[in-house]
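The values are calculated or read from the model by the stated rules, or taken from the named source; none is laboratory data. Computed from a predicted structure; not experimentally measured. Here the Cβ positions follow ideal geometry from the backbone for every residue, glycine too, while neighbour counts run over all protein chains shown.
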Amino acid sequence: MDWRRVGAALAGCAPLSLGLAFVVSTAQVYAQLARFVVLVPPDARRPLFDLLDATAVGQLLNYAAPLRGGDAYKLIRLAPNQETASGSDSGAGGKGRFSILLAALLVERVADIAALVVMAAWASFPELRSWLLTVVPSSAVLAKLGIGLALAALVGALLAGRLQRLLGSFVRQVGGALWSLGFARSFGISLLTWSLDAGTLYWTSRSVGAYALSFREVMHSVFVLNLGIAIPVTVGNLGVFEAALAFALTRHGVSLDDAMAIAMLEHIAKFAGLFLCILSLRAGWALRRRPRSVE
């Protein structure tokens, strides 16, 4: 890779396409906020601004902190204070609200991952279809698969019963959230979120070299990127993000130098969307709290 060519590609990027990428990235962050908000029952919610602001800052920390530290921040920020924990707060009690929020975070992860798998399967459908048509399992393989699934179901049922006894209401809350209308809404919003994620890359790729990648191709690249950064090893996934995305883009005909430039701009667009979302929330809240002049 020639870093001079990477620098030239960055210097020559189209401002309009990059600006559209920033706008789409900001919209994606708002969709991420909604993905979590719809899973929190009304009686366990903080005021809307607190909920949105904590979720936005948590998303930012998830990028920068290891082991999804932003989710821990959201729980600390939204969990009740000492006064609430004593039961003086209306609605959900202290410990009850904490477990409800934790269940919402876990179910949000399920909706997010399930939506990513669905979008990735759609993006790779032609290749998957060709592969599935060539796979004809034998009767022995089918029998082994059936036995394996039956054993897995038995173990799962036993573990579910044990977890039910150990964790009690928390397991019921997670199960209730998974079978609720909120999960369906969160899953639908997750599909929108991944579409906006691919849309950000769609415009970022067009800002460098005017590559006309299809939506399927950028969605496939987004899936490969998320596989690459699934286990965070650097702060903000610096370096790993660029390497994973550049590798994915080169599979679709983008030169390595341009792919690295696109990946760097995509990473900037991700952080820019988070900052713009947080700033817009803070600005909107400040305007709402500003006293109006009385004529």
Across region 14-38, the tally of residues that are over 21 Å from Ile278 (Cβ atoms) and either assigned to a helix (DSSP H, G or I) or in contact with a Gly (Cβ under 9 Å, 6 or more places away or on another chain) (or both) stands at 3
Residue set Ile268, Ile278; condition of a type in the set (A, V, I, L, M, F, W, C), at pLDDT 90 or above and either surrounded by fewer than 20 Cβ atoms within 10 Å (Cβ to Cβ) or not in a helix (DSSP H, G or I) (or both); output residue Ile268
The residue that is modelled with the lowest pLDDT, considering only those in region 49-76 that are of a type in the set (D, E, K, R) and surrounded by fewer than 17 Cβ atoms within 10 Å (Cβ to Cβ), is Arg68
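For every residue, the table says whether it meets (1) under 22 Å from the mean Cα position of the chain (by Cα); (2) of a type in the set (Asp, Glu); (3) modelled with pLDDT of 90 or more; (4) buried (at least 18 other Cβ atoms within 10 Å of the Cβ).
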position	(1), (2), (3), (4)
Ala210	no, no, no, no
Arg216	yes, no, yes, no
Val222	yes, no, yes, yes
Asn237	yes, no, no, yes
Phe241	yes, no, yes, yes
Arg288	no, no, no, no
Pro291	no, no, no, no
Residue pairs within 8 Å by beta carbon, gap of at least six or interchain, first lying in region 237-261 and among the hydroxyl-bearing types (Ser, Thr, Tyr), second at pLDDT 90 or above and surrounded by 23 or more Cβ atoms within 10 Å (Cβ to Cβ), listed first then second, are Thr250/Ala259
Within region 25-71, of all residues that are among the β-branched types (Val, Ile, Thr) and touching a residue at least 40 places away in the same chain (Cβ under 8 Å), the one nearest to Thr200 (Cα to Cα) is Thr26
Requiring at least 2 residues that are more than 25 Å from Ala79 (Cβ to Cβ) and at pLDDT 85 or above, the helices (runs of 4 or more DSSP H) wholly within region 91-195 are 94-123, 139-167
